[in-house]
1. Are any of the residues in the stretch 247-258 surrounded by fewer than 12 Cβ atoms within 10 Å (Cβ to Cβ) and modelled with pLDDT of 85 or more?
2. Taking strands (runs of 3 or more DSSP E) that do not extend beyond the stretch 343-406, which have at least 3 residues that are more than 19 Å from Gly449 (Cα to Cα)?
3. Out of (1) of a type in the set (Ser, Thr, Tyr); (2) modelled with pLDDT under 80; (3) not in a helix (DSSP H, G or I), what's the single condition that is false for Thr244?
4. Criterion first (within 19 Å of Lys310 (Cβ to Cβ) and either without any contact (Cβ under 8 Å) to a residue 24 or more places away in the chain or buried (at least 17 other Cβ atoms within 10 Å of the Cβ) (or both)) does Leu323 satisfy it?
5. Checking Pro213 against (1) touching a residue at least 24 places away in the same chain (Cβ under 8 Å); (2) in contact with a helix residue (DSSP H, G or I) (Cβ under 6 Å, 6 or more places away or on another chain); (3) not in a helix (DSSP H, G or I): exactly one of these is not met. Which one?
6. Checking Arg209 against (1) closer than 30 Å to Lys241 by Cβ; (2) within 24 Å of the chain's Cα centre (by Cα); (3) of a type outside the set (Ser, Thr, Tyr), which single condition isn't satisfied?
7. Can you tell me which residue within the stretch 107-127, out of those that are in contact (Cβ under 8 Å) with a residue 12 or more places away in the chain and of a type in the set (S, T, N, Q), is nearest to Gln152 (Cα to Cα)?
8. Among the residues of the stretch 149-160, is any over 39 Å from the mean Cα position of the chain (by Cα), assigned to a helix (DSSP H, G or I) and among the small types (Gly, Ala, Ser)?
Amino acid sequence: MTLKFKNRIAYFNTMAVALITVIVFVVIYAVVHQTSYAHLDADILLEKEEVFASRDWHRDSIIINKMPEWDEAEHNKIEVNPTFLQLVDTKGKVIFHSSNLIRDHFLFNPKSEEEIFFNDTLSGQKIRLGQFPVKNVAGKVIGQLTIAISRQESYIILNNLILVLIIAFPLVLIVLFIASSIAASKAIEPVNQLIRTASGISDSTIGTRLTLPQRRDELFELTRTINDLLTRIESSMLQQKQFTSDASHEIRTPLAAIRGTLEVLIRKPREQKVYEEKIAGIIQQVDRLDYLLDQLLQLARIESGTTAAKRENISLRKAIDLLAEKWREAASEKQIALSIEVSEHVTVAGDRLYLELMLDNLVNNAFKYGRENGHIYLTWKPESNALTVKDDGHGISPEHLPNLFNRFYRADEARSSAVKGSGLGLSIVKKLADVQHITLSAQSTPGEGSEFTLTFPH
């Protein structure tokens with residue numbers, strides 16, 4: 001269906017009302033029909049009682065007594081409110097009929113033992129008939145009495161009623177459809193306003209927000225949801241722009257260093273030792289680029305969702321021990337003491353490879369920003385089902401904590417330019433934690449150190 005939304009509302013509303021109207025019209029017609037014929041049948045029954053009161057019989061023969069009832073005017077006329085009488089025996093012989101029947105006679109069922117009512121036509125006039133069995137004292141049917149009265153008025157009333165209903169039905173639907181369409185237009189005008197406003201939002205005006213309606217109804221919730229979506233899109237766009245800028249800066253720095261070194265070497269011949277030193281520096285910059293691109297690739301894979309995280313029971317101490325040897329080498333270089341307080345019986349739910357990558361990044365981060373002759377603590381807290389990685393380094397100012405897991409973010413105090421790193425490690429840890437439904441949180445005090453907590457699902 002290609003109708004506009006307002007017309008679809010009007011259409012379905014009209015269809016619903018049409019069904020209800022049909023039901024109401026049918027009920028009205030049925031009530032009027034039943035009332036009209038019930039009144040006629042009551043008059044026929046009353047006439048039957050008067051006739052039966054004057055009839056007699058001898059054995060199987062019906063005797064007609066002379067009484068004023070047979071000569072009443074209503075039995076002699078045929079045009080105005082006539083009443084027709086016909087009495088037949090079991091052989092179908094007409095014993096008596098009212099004078100207004102003239103040569104006509106009624107059809108009847110000679111074997112009927114019950115009172116029946118039906119419609120027929122007499123001399124072009126609509127009549128209502130009642131057939132009643134005549135029984136003797138023994139209860140044997142000895143004849144049939146048929147009484148008929150005009151139903152012309154009832155017929156005209158019912159015909160007019162059905163004509164009015166047939167004409168009124170489409171008119172009601174047309175008026176209702178127009179009224180519903182107008183009402184729907186008024187109702188969805190705020191939606192049209194939202195459409196006009198939203199269609200004017202582009203990447204250059206992403207900060208625009210839709211005006212919230214005064215009434216807190218479904219439209220209010222829709223507008224607020226759209227505004228929330230715009231906020232998320234704006235945040236994502238800003239992060240993408242920041243990511244592009246930061247990535248370009250991080251890649252440009254080693255490339256500039258490599259270019260500068262090569263330009264120095266090409267100016268004039270130098271000693272073998274100088275070449276070796278400069279080439280070693282270039283290799284370091286290439287390694288830095290390789291490390292940066294590797295982390296960017298890991299982050300892209302995580303965010304693309306192409307790699308699903310497994311859920312398995314992992315021995316946390318074994319996972320730490322696999323990485324401990326590498327950590328101790330770094331600890332020896334910076335003279336930092338590494339303390340592991342995790343029981344061998346601790347198991348957590350997650351992906352083994354992802355967990356090892358998270359632990360490696362967190363501990364390496366602690367080595368980078370920990371102080372010499374300091375300490376790093378890996379502690380299991382069974383009461384909260386959490387692992388903490390704590391250092392006693394420079395710490396992080398409170399204003400930097402909300403942005404700590406953003407890509408390429410490096411706090412000035414804690415992320416000194418003298419510290420090598422790309423600013424992607426904690427972002428990768430955060431993404432991996434979210435994939436495994438692990439809660440990652442950080443707290444820090446400047447001058448005292450930082451603590452990162454991994455809270456595992458039960």
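The values are calculated or read from the model by the stated rules, or taken from the named source; none is laboratory data. Quick caveat, the model's predicted, so the values are computed rather than measured. Here Cβ is always computed from backbone atoms with ideal geometry, including for glycine, and neighbour counts include all displayed protein chains.
1. Taking the stretch 247-258 and keeping what is surrounded by fewer than 12 Cβ atoms within 10 Å (Cβ to Cβ), we get 248-249, 252, 256.
Now restrict to residues that are modelled with pLDDT of 85 or more: 256.
Checked against the condition, which is being surrounded by fewer than 12 Cβ atoms within 10 Å (Cβ to Cβ) and modelled with pLDDT of 85 or more, the stretch 247-258 yields at least one hit.
2. Values: elements: 347-350, 375-381, 386-391.
Counting at least 3 such residues, we get 347-350.
3. (3)
4. On the way: within 19 Å of Lys310 (Cβ to Cβ): yes; either without any contact (Cβ under 8 Å) to a residue 24 or more places away in the chain or buried (at least 17 other Cβ atoms within 10 Å of the Cβ) (or both): no.
When the stated conditions are applied, Leu323 does not pass them.
5. Unmet for Pro213, out of (1) touching a residue at least 24 places away in the same chain (Cβ under 8 Å); (2) in contact with a helix residue (DSSP H, G or I) (Cβ under 6 Å, 6 or more places away or on another chain); (3) not in a helix (DSSP H, G or I): (1).
6. All conditions are met except number (2).
7. Ranking the qualifying residues of the stretch 107-127, first place goes to Gln125.
8. Within the stretch 149-160, the subset over 39 Å from the mean Cα position of the chain (by Cα) is 149-160.
Add one more test, that the residue is assigned to a helix (DSSP H, G or I), and what stays is 152-160.
Now restrict to residues that are among the small types (Gly, Ala, Ser): 154.
Yes, there is a match, as at least one residue in the stretch 149-160 is over 39 Å from the mean Cα position of the chain (by Cα), assigned to a helix (DSSP H, G or I) and among the small types (Gly, Ala, Ser).
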